[in-house]
Amino acid sequence: MSIGVLALQGDFAEHLSVLQRLGADGRQVRTPDQLTGLDALIIPGGESTTIGKLATTFHLLEPLRRFAADKPTWGTCAGAILLSRDARRDQPLLGVMDIVVARNAFGRQVDSFEIDLPVPALADAARPFHAVFIRAPLIESVGKGVLVLAELPRDGESGRLPATNGNARIVAARQGHLLATAFHPELTDDDRFHRYFLSMVEGKR
């Protein structure tokens, strides 16, 4: 299968490396015509405002929106923000996923952290997923039809966590053919989220 990775800014190379390891045909996407023939798309972490502005500059925003409305699309960190319908500020969004996201929910770069998360939807579900959060967003709320895949533990359940505003703890969600993670699976050796996404793509085909 052919999986595009939006390569305007951010850690697209890491996603491409995992896809190659899994035997998928990973392709960089920088122009609208490079979306043609793809089975799915990954929008990587980076800086969501910058990615949105570059997508606008290169006339990619509307083609990306049409693609994500129909084909499997996964947003990690900044990519999750771009998929959301609301990021609590004025910036370019695809608005295709019924989630509300808080940017930089845990604070600055120095507040980045790692934690083991239970994710029952993944293969070998008894083994937690080691999640890397870097200036990470948080999914504040989800609409009907959105499946919550992972949440942070409540304060005190798993040691020290950065403070957040409110009670939201959602960090991974799925809505049909759309997937959003607030963390960076591509920065670990655990490829189960990429395998999960590829299974979504196979199911859609």
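The values are calculated or read from the model by the stated rules, or taken from the named source; none is laboratory data. It should be emphasised that the depicted structure is a prediction, and the values quoted were computed from it without experimental measurement. Here the Cβ positions follow ideal geometry from the backbone for every residue, glycine too, while neighbour counts run over all protein chains shown. Just the protein is used for accessible areas: all its heavy atoms, side chains included, with ligands, DNA and RNA removed. Shrake-Rupley method; radii C 1.70, N 1.55, O 1.52, S 1.80 Å.
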Relative contact order, percent, of the chain when contacts are C-alpha pairs under 8 Å separated by at least 6 residues?
19 percent
Given (i) 1.82; (ii) 1.13; (iii) 0.94 as candidate values of Cα Rg over 2.2 N^0.38 Å, which corresponds to the one derived from the coordinates?
(iii)
Students often check this: by mean Cβ neighbours within 10 Å, which of 82-92, 176-186 ranks highest, and how do the rest follow?
176-186, 82-92
Amide H to amide H, which residues 5 or more places from V5 or on other chains are under 5 Å from it, using H placed in the peptide plane?
R27, Q28, V29, I42
From the residues I42, A13, F193, which one has its Cα farthest along the dipole of the chain in the positive direction, the dipole being from +1 and -1 charges on Cβ of Lys/Arg and Asp/Glu about the Cα centre?
I42
Report in % the part of the accessible area of the stretch 42-128 that belongs to carbon and sulfur, leaving out ligands and nucleic acids; probe 1.4 Å.
52 percent
Working with all protein chains in place, sort D25, D11, D189 by solvent-accessible area computed with a 1.4 Å probe, largest first.
D189, D25, D11
Computed for the chain: size of charge dipole around the Cα centre, +1 on C-beta of each Lys and Arg, -1 on C-beta of each Asp and Glu, debye to nearest 20, value 440 debye
Mind giving me the nanometre distance, one decimal, between the label points for A13 and N104, set 7 Å out from Cα along Cα→Cβ?
2.6 nm
Among DSSP beta bridges lying fully in the chain, give the percent that are antiparallel, nearest 5.
50 percent
From a point 7 Å beyond the Cα of R66 in the direction of its Cβ, which residues of the stretch 1-43 have a backbone N at a distance under 11 Å?
32-33, 36
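Return an integer: the convex hull volume of the alpha-carbon atoms of the stretch 38-114, in Å³ per residue.
In the stretch 38-114, the Cα hull volume divided by residue count equals 97 Å³.
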